[in-house]
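For reference, the structure is listed below as structure tokens.
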Amino acid sequence: MTEEQTGTLETTYTPIPTGDYKGIIKDVQAGSTPNGNAKLDVIWLIDDEGVREHTGMEEPTCKQTVWLDVDANNRLEMGQNKNIGLGKLRDALGQNDGSPWSPTMLMGQPAMVYIEPDKKTGQYSNVTQVAPA
């Protein structure tokens, strides 16, 4: 922290262009919003040379936020209109068959992902759809 630097730093982020890409789940982070809404942030590594060149990143990543329905004990709720987003993700990965499951089982799983700009800022890119690889 005491080493002096010369030059300027970038002030804008180069987002991944809108489109379909092969992705691999790099990380999964459970959390909640300040108002207590439960969510699962799925970090996708995008395996595309054009994206690497466009962004200048060796490992371009993109986030998918999956909103969760949980009960008072923070357990996933099951049933009609509960955890549809998570069900779609698990289905695309072949993990929605009723077998014992935990979020860590998402790690390393490949899929085709659709990426588009963040609707609020337009600056960052988000995974908005997932399909089997």
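The table below gives the values:
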| read-out | value |
| --- | --- |
| Selection from segment 37-56 of residues that are open to solvent by 80 Å² or more (accessible area, probe 1.4 Å) and within 18 Å of Pro110 (Cβ to Cβ) | Glu49 |
| Identity of the residue in segment 57-113, at positive phi and at pLDDT below 95, that ends up most open to solvent (accessible area, probe 1.4 Å) | Asn74 |
| Pairs with Cβ under 8 Å, 6+ apart, first in segment 62-87 and touching a residue at least 12 places away in the same chain (Cβ under 8 Å) and farther than 23 Å from Leu45 by Cβ, second open to solvent by less than 80 Å² (accessible area, probe 1.4 Å) and of a type in the set (S, T, N, Q) | Asp69/Asn83 |
| Selection status of Trp101, within 30 Å of Thr12 (Cβ to Cβ) and aromatic (Phe, Trp, Tyr) | no |
| Qualifying residue in segment 37-47 (condition: under 13 Å from the mean Cα position of the chain (by Cα) and of a type in the set (Lys, Arg)) | yes |
| Candidate set: segment 1-36, residues that are among the aliphatic types (A, V, I, L, M) and under 17 Å from the mean Cα position of the chain (by Cα); chosen: the one surrounded by the most Cβ atoms within 10 Å (Cβ to Cβ) | Ile16 |
| Number of the exception - Lys119 against (1) among the basic types (Lys, Arg); (2) without any contact (Cβ under 8 Å) to a residue 12 or more places away in the chain; (3) in contact with a strand residue (DSSP E or B) (Cβ under 7 Å, 6 or more places away or on another chain) | (3) |
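Each row is one residue, and each column tells you yes or no for (1) out of contact with any Phe, Trp or Tyr (no Cβ under 9 Å at 6 or more places or on another chain); (2) closer than 19 Å to Ala30 by Cα.
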{"position": "Gly87", "(1), (2)": "yes, yes"}
{"position": "Ser99", "(1), (2)": "yes, no"}
{"position": "Met107", "(1), (2)": "yes, yes"}
{"position": "Ala111", "(1), (2)": "no, no"}
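The values are calculated or read from the model by the stated rules, or taken from the named source; none is laboratory data. As the structure is a computational prediction, the values presented were derived from the model and not from experiment. In this analysis, Cβ positions are derived from the backbone assuming ideal geometry, glycine residues included, and neighbour counts consider all displayed protein chains. Each accessible area value is taken on the protein alone, full model and side chains, heavy atoms only, with ligands, DNA and RNA left out. Shrake-Rupley method; radii C 1.70, N 1.55, O 1.52, S 1.80 Å.
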